[in-house]
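Participant: Following this message is one structure expressed as structure tokens.
The values are calculated or read from the model by the stated rules, or taken from the named source; none is laboratory data. Remember, it's a predicted structure, so these values are computed and weren't measured experimentally. Note: ideal-geometry Cβ built from the backbone for every residue, glycine included; neighbour counts use all protein chains shown. Remember, those area values only see protein heavy atoms, side chains included, never the ligands or the DNA or RNA. Shrake-Rupley method; radii C 1.70, N 1.55, O 1.52, S 1.80 Å.
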Amino acid sequence: MASRNSLQVPSSSVPPHLAALAAFADPPIRHVDGAMMDYFLIETVNILRQSSKVALNREREREKEMVEAGLIPPPAPPVKDIKDPLASARDSTGSLTLTKAGKAAAAGPVDEEEEELKVRLEAIGIHVGSNFSERLCRDRGLFTETLDAIKFICKDIWAACWDKQVDNLRTNHRGVYVLQDNSFKTISRLSSWQGRPDAVRKAKVYVSMPAGIIKGALARLGYNATVSPEITNLPQCTFQVKLPKGS
């Protein structure tokens, strides 16, 4: 009988409606598969790339209609760099410049679409980062020093989002901080059959959302920061965080 009585759970003295309110105010932390974020980001980039392309084409069609209706002046034609036929044949820099200019002109619309995609990904990251920061700082006091807020990003935010801490933190003590991750999880498995330059170009799109997460987390802490990601050698990634003077 004693062993049977030990299995009985004593009734709680908290009323049911108060217990429900407490659970609603402080929901339990739920953990998900670590690969889910990678899959989500891949699909998000693909969907937003198509959406940005449609939005850009719609904007161009609207601008074309306004030009035809005479509401706005037509856009200025692109400036063509014409090489002097009398220039020396030994000067190969001109042909190289023309080649680069031609490639840049051909890649103009694609770059515009990529920039639109980066802006939308950063906006999503800002929303996610602000919520992360609010959740992780719930039981903390206000940060009195800017360096403490940056360390919070390097430790808590990084561990919550990418399961590790920042490998290196540098600062010039003038409001500029450089956060370096030698194997950034978001781009650690990214590659391209067209070679490393194309992989780096794609990686710059995928780090837009992490940059937004950092920016949103700092914004919720009261810091209006500018975050610039930089990739030179995959999978290493650095984020330059620039804070305004006096912050």
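Participant: Could you please give the count of residues in the stretch 169-196 that are open to solvent by less than 80 Å² (accessible area, probe 1.4 Å) and in a helix (DSSP H, G or I)?
Facilitator: Of all residues in the stretch 169-196, those open to solvent by less than 80 Å² (accessible area, probe 1.4 Å) come to 169, 171-172, 175-188, 190, 192, 195.
Okay, now just the ones that are also in a helix (DSSP H, G or I), so 185-187.
Number of matching residues: 3.
Participant: Oh, and also: Any residue at all in the stretch 32-46 that's in contact with a Lys or Arg (Cβ under 6 Å, 6 or more places away or on another chain), modelled with pLDDT of 75 or more and not in a loop (DSSP other than H, G, I, E, B)? If you could, list the steps in order and put the result at the bottom.
Facilitator: So the first thing to find is which residues in the stretch 32-46 are in contact with a Lys or Arg (Cβ under 6 Å, 6 or more places away or on another chain), and the list is none.
There is no residue in the stretch 32-46 that is in contact with a Lys or Arg (Cβ under 6 Å, 6 or more places away or on another chain), modelled with pLDDT of 75 or more and not in a loop (DSSP other than H, G, I, E, B).
Participant: Just one of LYS245, LYS215 is charged (D, E, K, R), open to solvent by 30 Å² or more (accessible area, probe 1.4 Å) and in contact with an Asp or Glu (Cβ under 9 Å, 6 or more places away or on another chain); which is it? It would help to see each step written out before you state the result.
Facilitator: On the way: LYS245 fails: in contact with an Asp or Glu (Cβ under 9 Å, 6 or more places away or on another chain).
It is LYS215.
Participant: For the stretch 53-74, enumerate the residues that are outside any helix (DSSP H, G or I) and either under 22 Å from GLU116 (Cα atoms) or open to solvent by less than 80 Å² (accessible area, probe 1.4 Å) (or both). Walk me through how you get there before you give the answer.
Facilitator: Applying the first criterion (outside any helix (DSSP H, G or I)) to the stretch 53-74 yields 69-74.
Of everything in the stretch 53-74, those that are outside any helix (DSSP H, G or I) and either under 22 Å from GLU116 (Cα atoms) or open to solvent by less than 80 Å² (accessible area, probe 1.4 Å) (or both) turn out to be ALA69, GLY70, ILE72.
Participant: State the number of residues belonging to the stretch 102-146 that are part of a helix (DSSP H, G or I), open to solvent by less than 50 Å² (accessible area, probe 1.4 Å) and modelled with pLDDT under 55.
Facilitator: 2
Participant: Can you go through VAL178, VAL241 and tell me which one is of a type in the set (Val, Ile, Thr), modelled with pLDDT of 95 or more and under 17 Å from GLY125 (Cβ atoms)? Lay out the reasoning, then the answer.
Facilitator: Details: VAL178 fails: under 17 Å from GLY125 (Cβ atoms).
Result: VAL241 is the single residue among VAL178, VAL241 that is of a type in the set (Val, Ile, Thr), modelled with pLDDT of 95 or more and under 17 Å from GLY125 (Cβ atoms).
Participant: Using the structure shown, decide if LYS202 is out of contact with any Leu (no Cβ under 7 Å at 6 or more places or on another chain) and within 18 Å of PHE239 (Cα to Cα).
Facilitator: Working: out of contact with any Leu (no Cβ under 7 Å at 6 or more places or on another chain): no; within 18 Å of PHE239 (Cα to Cα): yes.
No, not satisfied.
Participant: Okay, next question. Can you name every residue in the stretch 147-163 that is modelled with pLDDT under 90 and surrounded by fewer than 17 Cβ atoms within 10 Å (Cβ to Cβ)?
Facilitator: ALA159, ALA160, ASP163 - these are the residues of the stretch 147-163 that are modelled with pLDDT under 90 and surrounded by fewer than 17 Cβ atoms within 10 Å (Cβ to Cβ).
Participant: Could you check THR226 against (1) touching a residue at least 24 places away in the same chain (Cβ under 8 Å); (2) under 23 Å from GLU134 (Cα atoms); (3) in contact with a helix residue (DSSP H, G or I) (Cβ under 8 Å, 6 or more places away or on another chain) and say which number it fails?
Facilitator: All conditions are met except number (1).
Participant: Given the structure, is VAL166 outside any helix (DSSP H, G or I), free of Cβ contacts under 8 Å to residues at least 40 places away in the same chain and crowded, with 17+ Cβ neighbours inside 10 Å? Write out each step before concluding.
Facilitator: On the way: outside any helix (DSSP H, G or I): yes; free of Cβ contacts under 8 Å to residues at least 40 places away in the same chain: yes; crowded, with 17+ Cβ neighbours inside 10 Å: yes.
Answer is yes for this residue.
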